[in-house]
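K.L.:
Questions regarding the structure given below will be posed in turn.
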Amino acid sequence: MTARTGAETIANGIALRIAAAGCFSIMAAVLKLASLDGVGAPEMLFYRAFFGLPVVLIWVLSRPDGLKALTTRRPWAHVGRSALGIASILCVFQTLTLLPLADATTLSFTAPVFATLLSFLILKEAIGPRRWAAVALGFVGVIIVMRPGAGNHAVPLVGIGFGLAAAVLTAAVTITLRQLRDTEHVAAIVFWFFVASSIVGAILLPFVGHWRSPQILALLIASGVVGGLAQLFMTASLQKAPVAVVAPFDYLQIIGAVIFGWWLLHTPPSLNTLAGAALIASSGLYTAWREHVRRKDSLIQPTSPPV
C-alpha cells in the first residue's frame, strides 16, 4: 500500500465515522421528538432494533462471507453481551426522555471514564496517574452538567442517574466486546445484538406500547433505519482506520445534539452543559490517546510502565 493510498483509506475511515456520528445524532433527535408524545424507552428499543435489523442484514449479505459470518462458537457470550447492551440502550433512551438532548448526549460520553475504572477493577489493568487524572476530569465535567445548587434550573437527578447508569453499562459492553472479538466475527456481534434487542422489545411492547399517530410511527421507523446505518458506518470506519484516529470524531455527536436541540426543540444549551461537555470530551479524548500510546508502546517494550 502506498502512502497516498494509506492516507486515502484513513480519510475514508474518518468520513465514515463522521457519517456515523451524524446518524447517531439524528437518531437521538428523532427519538427525543417521539418522547414528547409519550413514547417510552422500551418502545424506542423495539423500533430502533426491528427496523434497523434489515439494514444490518443487507450489510451482512453484501459481504464476501455472507451468512457464514453469523456463525458463533460462543452463543452464551452473545447472550451476556446482548443483556448488557439492551440494559444500556434502555438507560440511554430513558435519559433522552428525562433530560435535554445536549445533556443526555454529553453524559453518554462518560463511558470511557467508566471503561477505565472497569478495566482496572475487572481486567486488573495498570492505570497510571495521568489516566486517573483524566477520570477525575470526566467526573468534574459530570458535576458541572448536573448544575448543583441551581435550584429549578438544575438537571433532574433521576435523569443524571439513568445517564450515568447507561455510561457504566456501555463501558461494561466495551469490556465484553474486547473478549468477544477474539473469536467472533464483527457481523455476528452486530447482527445477534439487533436480533436480541428486537425480541426483548417485542416482549415488552404489549405491556408498555401504545398506538401511535402516523407521524410518530414514521419517526420511530426512521430511528431504526438511521440507527442501523450508524452502526454500519461506525463498524466500517474501523476497517479503514485505527480506532485512535476515528474515535475523536464521535464527539461530533455532542455538537449535533446541541444543534438539533436548539433547532428542533428550541432548547439552547446552558453554559454548564457546554463547559461540562468540554471537560468530558477532553477526558475521553485523552483516555483514547493514552490507550493508543500504551498499546503501541507495549508492542515495542512490553514492560513499559502504565501512564
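The values are calculated or read from the model by the stated rules, or taken from the named source; none is laboratory data. These figures come from a predicted structure and were not determined experimentally. So basically every Cβ, Gly included, is an ideal-geometry build from the backbone, and we count neighbours across all protein chains shown.
K.L.:
Every residue in the range 259-307 that is at pLDDT 85 or above, surrounded by 18 or more Cβ atoms within 10 Å (Cβ to Cβ) and in a helix (DSSP H, G or I), please.
P.N.:
If the condition is that a residue be at pLDDT 85 or above, surrounded by 18 or more Cβ atoms within 10 Å (Cβ to Cβ) and in a helix (DSSP H, G or I), then 260, 261, 272, 273, 276, 277, 279, 280, 281, 283 are the ones that fit.
K.L.:
Right, residue 138: over 21 Å from residue 82 (Cα atoms), of a type outside the set (Val, Ile, Thr) and under 17 Å from the mean Cα position of the chain (by Cα) or not?
P.N.:
yes
K.L.:
For the structure I just gave you, tell me whether residue 219 is modelled with pLDDT of 90 or more, assigned to a helix (DSSP H, G or I) and closer than 25 Å to residue 190 by Cβ.
P.N.:
For residue 219, the condition - modelled with pLDDT of 90 or more, assigned to a helix (DSSP H, G or I) and closer than 25 Å to residue 190 by Cβ - is met.
K.L.:
Taking only the range 32-52 into account, find how many residues are touching a Gly at 6+ places or on another chain (Cβ under 9 Å) and either within 19 Å of residue 266 (Cα to Cα) or in a helix (DSSP H, G or I) (or both).
P.N.:
So the count comes out to 10.
K.L.:
Residue 80 fails exactly one of the following numbered conditions: (1) closer than 16 Å to residue 197 by Cβ; (2) surrounded by 17 or more Cβ atoms within 10 Å (Cβ to Cβ). What is the number of that condition?
P.N.:
Only one criterion is unmet by residue 80, namely (2).
K.L.:
Quick one: what pairs do we get from the range 164-185, first residue free of Cβ contacts under 8 Å to residues at least 60 places away in the same chain, second assigned to a loop (DSSP other than H, G, I, E, B) and of a type in the set (Val, Ile, Thr), C-beta under 8 Å, 6+ apart or different chains?
P.N.:
164/110
K.L.:
Among the listed residues 141, 149, which satisfies the condition of being exposed (fewer than 14 other Cβ atoms within 10 Å of the Cβ) and modelled with pLDDT under 90?
P.N.:
149
K.L.:
Still on this structure, please answer the following. When you scan the range 237-253, do you find a residue that is modelled with pLDDT of 90 or more, more than 23 Å from residue 10 (Cβ to Cβ) and of a type in the set (S, T, N, Q), even just one?
P.N.:
The answer is no; no qualifying residue exists.
K.L.:
Could I ask something else about it? Could you grab the pairs with beta carbons closer than 7 Å, sequence gap of 6+ or different chains, first residue in the range 9-28 and farther than 14 Å from residue 230 by Cβ, second one among the hydroxyl-bearing types (Ser, Thr, Tyr)?
P.N.:
13/237
K.L.:
Here's a follow-up. Would you confirm whether or not the range 155-172 contains a residue that is in contact with a Lys or Arg (Cβ under 9 Å, 6 or more places away or on another chain) and either under 22 Å from residue 78 (Cα atoms) or not in a loop (DSSP other than H, G, I, E, B) (or both)?
P.N.:
The answer is no, given that none of the residues of the range 155-172 is in contact with a Lys or Arg (Cβ under 9 Å, 6 or more places away or on another chain) and either under 22 Å from residue 78 (Cα atoms) or not in a loop (DSSP other than H, G, I, E, B) (or both).
K.L.:
Inspect the range 207-214 for any residue being surrounded by 15 or more Cβ atoms within 10 Å (Cβ to Cβ), touching a helix residue (DSSP H, G or I) at 6+ places or on another chain (Cβ under 9 Å), in contact (Cβ under 8 Å) with a residue 60 or more places away in the chain and not in a helix (DSSP H, G or I) and give the result as yes or no.
P.N.:
yes
K.L.:
Moving on. So is residue 178 assigned to a helix (DSSP H, G or I), out of contact with any helix residue (DSSP H, G or I) (no Cβ under 7 Å at 6 or more places or on another chain) and among the basic types (Lys, Arg) or not?
P.N.:
yes
K.L.:
Restricting to helices (runs of 4 or more DSSP H) lying wholly in the range 59-130: which have 3 or more residues that are acidic (Asp, Glu) and more than 24 Å from residue 30 (Cβ to Cβ)?
P.N.:
By residue number, no helices (runs of 4 or more DSSP H) qualify.
K.L.:
Kindly indicate whether residue 118 is within 17 Å of residue 164 (Cα to Cα) and either surrounded by fewer than 19 Cβ atoms within 10 Å (Cβ to Cβ) or free of Cβ contacts under 8 Å to residues at least 12 places away in the same chain (or both).
P.N.:
yes
K.L.:
Would you mind finding the one in 60, 92, 39 that is over 16 Å from the mean Cα position of the chain (by Cα), closer than 28 Å to residue 210 by Cα and β-branched (Val, Ile, Thr)?
P.N.:
39
K.L.:
While we're looking at this one, here's another question. Among the residues of the range 233-242, write down those that are assigned to a helix (DSSP H, G or I) and crowded, with 16+ Cβ neighbours inside 10 Å.
P.N.:
Matches in the range 233-242: 233, 234, 235, 236, 237, 238, 240.
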